[in-house]
1. In this structure, is Ser113 outside the structural domain of Ser12 (by TED's automatic domain parsing), of a type in the set (S, T, N, Q) and either in a helix (DSSP H, G or I) or touching a residue at least 40 places away in the same chain (Cβ under 8 Å) (or both)?
2. Could you tell me which numbered condition Gln203 fails, if it satisfies all but one of (1) outside any loop (DSSP other than H, G, I, E, B); (2) under 17 Å from the mean Cα position of the chain (by Cα)?
3. Have a look at Gly194, Gly298 and point out the one that is assigned by TED's automatic domain parsing to the domain that holds Thr55 and outside any helix (DSSP H, G or I).
4. Scan Val11, Val24, Val94 and give me the residue that is in contact with a helix residue (DSSP H, G or I) (Cβ under 8 Å, 6 or more places away or on another chain), assigned by TED's automatic domain parsing to the domain that holds Leu165 and either farther than 26 Å from Leu165 by Cα or of a type outside the set (Lys, Arg) (or both).
5. Pick from the stretch 134-149 the residues that are over 13 Å from Val94 (Cβ atoms) and not in a loop (DSSP other than H, G, I, E, B): which of them is nearest to the chain's Cα centre (by Cα)?
6. Can you find even one residue in the stretch 258-277 that is within 25 Å of Pro137 (Cα to Cα) and among the small types (Gly, Ala, Ser)?
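The values are calculated or read from the model by the stated rules, or taken from the named source; none is laboratory data. Keep in mind the model is a prediction, meaning the values are calculated, not measured. Methodologically, a virtual Cβ is constructed for each residue, glycine included, from the backbone with ideal geometry; neighbour enumeration extends over all protein chains shown.
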Amino acid sequence: MVAVGPIAITVSSLDQALDFYTSVLPFEKVMETRMSGDDFARLTGVPGAHIRVATLRLGDDSIELTEFVSPKGRPFPPDSRSNDHWFQHIAIIVRDMEAAHALLDEKMVEHASKAPQRLPDWNVNAGGIKAFYFRDPDGHYLEILQFPSGKGHAKWHRPTDKLFLGIDHTAIVVGDTDASLKFYRDVLGLRVVGASENYGMEQEDLNNVPGAHLRITTLRAANGPAIEFLEYLMPRDGRPLPSDARVNDLLCWQTSLTIEDAAELLRQLKAGGYTLVSSVETDSLGPANPILVRDPDGHVMRIQASK
């Protein structure tokens, strides 16, 4: 695995989303383009797909905001909870949690956590981390995160006067960590770089899920943000992705993955029976010919070859 990213968020209105991500949050718009046509429809599995997409940067990291001009997908489910299996967020690193939270409150963002939480010291791998969930105008979950000294990537501890620094990871809810490891580690080639088991009052208030008890596994490629599994050991009532979900629905994100050996990857995807969203010829996978594939829980990965 060469790289993870950018992470693409499907939005109802690109203009509204740009205003939020560049005014409430300090992302910088890099470019905007449109995509349509038969090849794009085959890639997305959405007949007549026509999108506007903007690329934004924060620090070294990128996201994409994608509006399906046509056909419009379904809105983000208003009753979503953090343990539903379509849950995905990006974790934005901040230098000062209290200052960042105050700024978000000043901008009147919608809370998804009760308040910023400091994870307890008894949790060796996560103790001292400060985190807070909030939501964008479409209801997508986002997180701000502050690492204590000695935790997180070294770049998050460099001296700076910036408050928002970049994207550490994208987190996804999974139903079975071992099944997800077979896909992300064994097929895609990501490396496991961390694991913890989180529970207690702080975790419940962060996720806003009573009784939350999570198995968390972090994987990385050579470059880009990590992918973090959130498996809810309790409660186990998170809902699966709707069977008729399509990539123009707002609950469907796309995480880009760049790999080296396209032929071997395609062989393993077929052997593993993974669901391809795209109806393109997979044997032509290359830098300009990505495919969309679903992981065991239905999260969409956009995979392309590095050469």
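1. Yes; evaluated as a whole, the condition is true for this residue.
2. Here Gln203 meets the rest and fails (2).
3. Gly298
4. Step by step, each of Val11, Val24, Val94 is checked, and only Val94 is in contact with a helix residue (DSSP H, G or I) (Cβ under 8 Å, 6 or more places away or on another chain), assigned by TED's automatic domain parsing to the domain that holds Leu165 and either farther than 26 Å from Leu165 by Cα or of a type outside the set (Lys, Arg) (or both).
5. The qualifying residue nearest to the chain's Cα centre (by Cα) is Tyr141.
6. Within the stretch 258-277, not a single residue is within 25 Å of Pro137 (Cα to Cα) and among the small types (Gly, Ala, Ser).
Residue-wise test of (1) over 22 Å from Thr218 (Cα atoms); (2) modelled with pLDDT under 95; (3) among the aliphatic types (A, V, I, L, M); (4) within 20 Å of the chain's Cα centre (by Cα).
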site	(1), (2), (3), (4)
Pro26	yes, no, no, yes
Arg34	yes, no, no, no
Gly37	yes, yes, no, no
Pro75	yes, no, no, yes
Pro78	yes, yes, no, yes
Arg81	no, no, no, yes
Asp96	yes, no, no, no
Val109	yes, no, yes, yes
Asn123	no, yes, no, no
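Table: residues versus (1) over 17 Å from Asp244 (Cβ atoms); (2) in contact with an Asp or Glu (Cβ under 7 Å, 6 or more places away or on another chain); (3) small (Gly, Ala, Ser); (4) surrounded by 17 or more Cβ atoms within 10 Å (Cβ to Cβ).
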| residue | (1), (2), (3), (4) |
| --- | --- |
| Thr33 | yes, no, no, no |
| Thr44 | no, no, no, yes |
| Ala49 | no, no, yes, yes |
| Gly59 | yes, no, yes, yes |
| Pro71 | no, no, no, no |
